[in-house]
Amino acid sequence: MNGPDQKGRAMPESSVRRPLIVPSVLPADFACLGEEVRDLCAAGVDRIQWDVMDGVFVPNLTFGPDVIASARSHSTVGFEAHLMVVNPDGLLSTYVDAGCELIIVHAESCTHLHRTLARIRELGARSGVAVNPHTPAEVVAHVLAETDLILAMTVNPGFGGQAYIPAVESKITRLRRMIDESGHSIELEVDGGITGDTIGGAAAAGADVFISGSWMYGCPEGKAAAVKRLRDAATVAGAAA
Ligand code: DX5
């Protein structure tokens, strides 16, 4: 807990969250991933997200574990794997062994979500659960004790460069309240269409971890400037909420 507010009430941790900026490497030049990872670390990112897609859960196919493992030694920050796959249970240890400290599975692809999240922790990684735009917040209500991160998708997963879905912000606020009331230390991440302009709405709604791919890679002033702009905008919006 933090110091008291103006009325002497103890401030919950969530009221002074430091926003984390995490790039998706989906827009990167896959022919030079080591250099791309070093570039992101130099830009001041907090972690790096690998969008793992199987071509079935989402209509795209991306990184296997060997690709991620090959980039691991080039990074000074942690890796997270966002598993957009129909059978995450069969892949958990593979992506932990590839060097991912955080494994995010989709609630929509887990028959036994409670068991899957517990298994991720048994493997020594932090656990995360993602929910697509149509999935209600309540789907994670009974697994908060097993979860280190909740990812509220702000696009329909599968591709970068899509438009942010503002309607998800009400769900972000609901998730923030569920997390704060639970007393568990859970990061609330958003992913999809996060730019210098949309990040404020997500932060004000209660998010504290922000995935950005195409906007960060496309920023004319470079990735370091993009990271700073995202972090500053999220800090201001989160504090004002
Ligand atoms: C969708 C992907 C994207 C990516 C970020 O499945 O998960 O959300 O990480 O894409 P941008 O930031 O380009 O919308």
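The values are calculated or read from the model by the stated rules, or taken from the named source; none is laboratory data. In this text the structure is predicted, and so the values were computed from the model without any measurement. Methodologically, a virtual Cβ is constructed for each residue, glycine included, from the backbone with ideal geometry; neighbour enumeration extends over all protein chains shown. Accessible surface is based on the protein model in full, side chains and every heavy atom, while ligands, DNA and RNA are left aside. Shrake-Rupley method; radii C 1.70, N 1.55, O 1.52, S 1.80 Å.
Taking only the alpha-carbon positions of segment 150-241 and ignoring solvent, what does the Debye formula give for the base-10 log of I(q)/I(0) at q = 0.14 Å⁻¹?
-0.46
Quick check: pseudo-label points 7 Å beyond the Cα along Cα→Cβ at residue 29 and residue 180, how many nm apart are they?
So the label points at residue 29 and residue 180 sit 4.5 nm apart.
Roughly how many whole Å is it from the C-alpha centroid of segment 171-209 to that of segment 53-108?
Centre-to-centre (Cα) distance: 22 Å.
Can you give the three extents of the C-alpha atoms in the chain along their principal axes, from longest to shortest, in whole Å?
The principal-axis extents, from largest down, are 55, 45, 30 Å.
Could you pull the Cα extents of segment 54-182 along its three principal axes, largest to smallest, in whole Å?
Here the spans come out as 39, 33, 30 Å, largest first.
Could you work out the equivalent-ellipsoid semi-axes for segment 15-55, taking the square root of 5 times each eigenvalue of the Cα gyration tensor, largest first, in whole Å?
Details: eigenvalues 100, 47, 6 Å².
So the three semi-axes of segment 15-55 are 22, 15, 5 Å.
Can you tell me the relative contact order of the chain? Whole percent, Cα pairs under 8 Å, sequence separation 6 or more.
On the way: 478 pairs, mean separation 45.0, N = 241.
In percent, rounded to a whole number, it is 19.
Could you look at the chain and say what percent of its accessible area is carbon and sulfur, using a 1.4 Å probe and all protein chains? It would help to have the intermediate numbers written out before the result.
Values: 5570 of 10370 Å².
Carbon and sulfur: 54 percent of the exposed surface of the chain.
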